[in-house]
Amino acid sequence: MTSDPLVIFTPSGKRGHFPSETPILTAARQLGVDLDSVCGGRGICSKCQITPSFGEFPKHGVTVSENALSDWNAVEERYDQKRGLPKGRRLGCQATVQGDIVIDVPPESQVHKQVVRKRAEVRDITLNPTVHLTYVEVVQPDMHKPSGDLERLLSALEAATGHENIEIDAHLLRPLQPILRKGNWTVTAAIHQGRDGRAPRVTALWPGYFDGPVFGLAVDLGSTTIAGHLCNLSTGEVVASSGLMNPQIRFGEDLMSRVSYAMMNAGGDLEMTQAVRDGLNQLVIDIAKEADADLSQILDSVFVMNPVMHHLFLGIDPFELGQAPFALATSDALEMRAAEIGLAIAPGTRTYILPCIAGHVGADAAGVALSEAPDKSADLVLVVDVGTNAEILLGDQNGVLACSSPTGPAFEGAQISAGQRAAPGAIERVEINPDTKEPRFQVIGCDLWSDEDGFERAIATTGVTGICGSGIIEVIAEMRMAGLVDPSGLIGSAEQTGTNRCFTDGRTNSYRLWDGNEDHGSIAVTNADIRAIQMAKAALYSGARLLMDKRGVDRVDRVVLAGAFGAHISAKHAMVLGMIPDCPLDKVTSAGNAAGTGARIALLNRAARTQIETLVRKIEKIETAVEPRFQEHFVNASAMPNASDRFPILRSIVDLPTPTFNTGGGDGAGGGRRRRRRG
């Protein structure tokens, strides 16, 4: 065991031991971490900025002391004085390793920027926003009939809209009189009509006639990525979309790691709250810039998120979510001023947060339910929102059940030896010839397959950098169909499989997917990679199977894959692994970012908010952590596709060989003798 300090990089998850005084930039390069630098480590370009994290990290098994990095040096001081370094940042070329350390590489320091695949799905939405513009002429003041400017404005607005008891935000009282006089006693008011029973409120004013546009922001606040869509509230059009990595990743890739960080570090929850709010404020700036919109015109916002993110976003300690009975501080929908939760948009911007369903089934699942409407389906539909924490809905017109399953970050490329987030150069599609065992693949940013002419030229800029989530799903499923990996998840040897692409790797075998070139090393799939995917997919399938047990069925009529990851995986490959239940492939569809679509529906249609609040109260919640059959399903689902469920529909269209590689035998010819399991 080495005594050298351990350096862990997020969001890549790559780690290694390095001697003291090793520059962080050097460690990053040796591990293949995507950290930019163009000045040769002289502290001039600032492209290698990193953010160190300190405290206890149970997920990583390290405690990071305040002196884990070298002290701030003269080069960093000079750069900070001339150009400024954001608070908490260091220069990777200057900071050196002194002890175990967790390093976050922010998006702007990455050469290959993360592709946040949460686009706005095309959807017909009934337009009925909470914010409307109203133009009125206000009676001028009269000494003989004394009344306040505000009272006469509200009276005019009530007469024009038919609303009663209109109120006004306090921040508008100071500019009210100058606005009225500048507009020559005409004014345009933005009136927000929130939940039923609340008085309409004036949230913004413009002198004279103002026809907008005014905008609303729909945000899917995921544990890994944050995606926002800016919508014109008058037309419903998505005018801009933007996304970024969740800055909380440096505190833990999965939700329970963040709960643990909050438990183990005093004030850790507030640290994570500040991080995500800073990220959201940057998202607002980026998306407004893309749309050429002024922040003062963004007057409404809707958020969906899982329960842990829900609590951390609101500034609530998630401690209780880390232990049974997983009690939420609040589960109802929330409506408030955006400024109350640290969002720097416009003073009158309102925020609506969809209700949570249960302790681990959050507002994002509510957004999926609003988007996909399983409660209105004539057939039995399974909706799976695939992510670090999978939310699962099963239902039809007779009722809806819901649960969550802790799949972890493996589906997004983390915990995989050559894994990475979705970025240019990442392998995302794979095919393996079942006869020759030879692979071919596509990478993000290139339409050519690796065996086609021009591939090497096409990837000259990005290279082949690793495997993203959809890529690891496809390659393992292809290996299973080609007889390179057995149902238990073991990779065969070269002798057993008949290909030298399988090679001895420690006590197990690995499969070489890419031979590499002079710029990039080879990429292989290891048995540890397969185990990580097995654990993730078993958790996902077990949650779905548990809901099917509760409903008393062994089959579902159709499956909907939601989430950014769900939108990019092949139904066939997912079923070969046993991620989802057996079902006709043409009945497996993708809903894209359904949670984000639900947020847009709630943003653009006020009635939808009441609709989802009512539905959530009717959904039956199942807590997987206390269900006795969950573990039984999990063990069976660890096999590919499953040890007990036979998947007859899948087997009717896909050949699934059944070799056994745990005997050390095999004749090597033609892929080795296949041993069939009994039954």
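The values are calculated or read from the model by the stated rules, or taken from the named source; none is laboratory data. What you see is a predicted model, and the numbers here were worked out from it, not measured in a lab. Because the Cβ atoms are built from the backbone with ideal geometry, glycine has one as well, and the counts that use them run over all protein chains shown. Remember, those area values only see protein heavy atoms, side chains included, never the ligands or the DNA or RNA. Shrake-Rupley method; radii C 1.70, N 1.55, O 1.52, S 1.80 Å.
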> So for LYS572, LYS82, LYS14, what's the accessible-area order with a 1.4 Å probe, most first?
Replying inline: LYS82, LYS572, LYS14
> When all protein chains stay in place, what accessible area (Å², nearest 10, 1.4 Å probe) is found for MET481?
Replying inline: 30
> For region 567-649, what % of the accessible area comes from carbon and sulfur atoms, probe 1.4 Å?
Replying inline: 53
> What do you reckon, how do GLU167, GLU613, GLU495 stack up by accessible area (1.4 Å probe), largest on top?
Replying inline: GLU495, GLU167, GLU613
> Can you pull out the cysteines in the chain that have no other Cys Cβ under 4.7 Å?
Replying inline: CYS48, CYS93, CYS231, CYS356, CYS403, CYS446, CYS468, CYS502, CYS583
>> Quick check for you: which residues of region 364-407 have the amide N under 11 Å from the point 7 Å beyond the Cα of LYS621 toward its beta carbon?
In response: 402-404
>> Treating the chain as a set of equal point scatterers at the Cα positions, no solvent, please give the Debye-formula log₁₀ I(q)/I(0) at q = 0.10, 0.11 Å⁻¹.
In response: -0.99, -1.16
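Select from region 410-488 those GluC sites (Glu not before Pro) which occupy a DSSP coil region and have at most 16 other Cβ atoms within 10 Å, ordered by residue number.
Working: sites: GLU412, GLU428, GLU431, GLU452, GLU456, GLU474, GLU478; in loops: GLU452.
In loop regions of region 410-488 (DSSP not H, G, I, E or B), the sparsely surrounded GluC sites (Glu not before Pro) are GLU452.
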> Accessible area, 1.4 Å probe, largest first: how do THR126, THR96, THR436 sort?
Replying inline: THR126, THR436, THR96
>> Whole-Hz ³J(HN,Hα) for each residue in region 587-602, computed from phi via Karplus 6.51 cos²θ - 1.76 cosθ + 1.60 with θ = phi - 60°, x for glycine and proline: what do you get?
In response: 9, 9, 10, 10, 9, x, 7, 5, 5, x, 5, x, 5, 5, 4, 5
>> So with the 1.4 Å probe, I'd like the accessible area per residue for the chain, rounded to whole Å².
In response: 40
> Label point 7 Å out from ASP379 along Cα-to-Cβ: which residues of region 562-603 have amide N under 14 Å?
Replying inline: 582-590
> Quick one: with all protein chains in place, what share of the accessible area of region 229-331 is carbon or sulfur, to the nearest percent (1.4 Å probe)?
Replying inline: 50
> ASP554 to ALA528: FRET efficiency via 1/(1 + (r/R0)^6), r the Cβ-Cβ distance, R0 30 Å, to the nearest 0.05?
Replying inline: 0.35
> Say each of GLU164 and LYS145 gets a label point 7 Å from the Cα, pointing the same way as Cα to Cβ; how far apart are those two points in nm?
Replying inline: 2.2
>> What does the C-alpha gyration tensor say about the overall shape of region 549-597? Classify as rounded when a/c is under 1.5, otherwise prolate if a/b is larger than b/c, or oblate.
In response: oblate
>> On alpha carbon coordinates alone, what is the Rg over Rh value for region 55-204, Rh being the Kirkwood radius?
In response: 1.28
> Any idea how far the Cα center of region 320-349 sits from the one of region 1-69, in Å?
Replying inline: 34
>> I'd like the orientation of helix 268-291 relative to the chain: the angle between its Cα long axis and the longest Cα principal axis, in ° from 0 to 90, rounded to 10.
In response: 70
>> What do you get for the angle between helix 363-372 and the principal long axis of the chain? Use alpha-carbon atoms, 0 to 90 degrees, nearest ten.
In response: 90
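Order of 20-30, 616-626, 64-74 by packing, highest average Cβ count within 10 Å first?
20-30, 616-626, 64-74
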>> How much of the pair distance distribution for region 391-464 lies past 18 Å, counting alpha-carbon pairs only, in percent?
In response: 58
> Rg(Cα) of region 450-505 divided by 2.2 N^0.38 Å?
Replying inline: 1.40
> Cα-based Rg (one decimal) and Dmax (whole number) for region 153-254, in Å?
Replying inline: 18.4, 57
>> Using a 7 Å offset from the Cα along the Cα-to-Cβ direction at both ARG457 and CYS39, what is the distance between the two label points in nm, to one decimal?
In response: 3.7
> 222 nm [θ] for the chain, helices only, -39500 (n - 2.57) per DSSP H run of 4+, per residue, to 500?
Replying inline: -8000 deg cm²/dmol
> Hey, what angle do you get for helix 527-551 against the long axis of the chain, alpha-carbon based, 0 to 90 degrees rounded to 10?
Replying inline: 60
> Want the number for SER652 to ARG174: 0.36 nm per residue separation, take away the alpha-carbon distance, what's left?
Replying inline: 164.8 nm
> At ASP447 and THR126, where each label point lies 7 Å from the Cα along Cα→Cβ, what is the point-to-point distance in nanometres?
Replying inline: 4.1
>> Can you tell me how region 31-116 classifies by the Cα gyration tensor, rounded, prolate or oblate, using a/c under 1.5 as the rounded cut?
In response: oblate
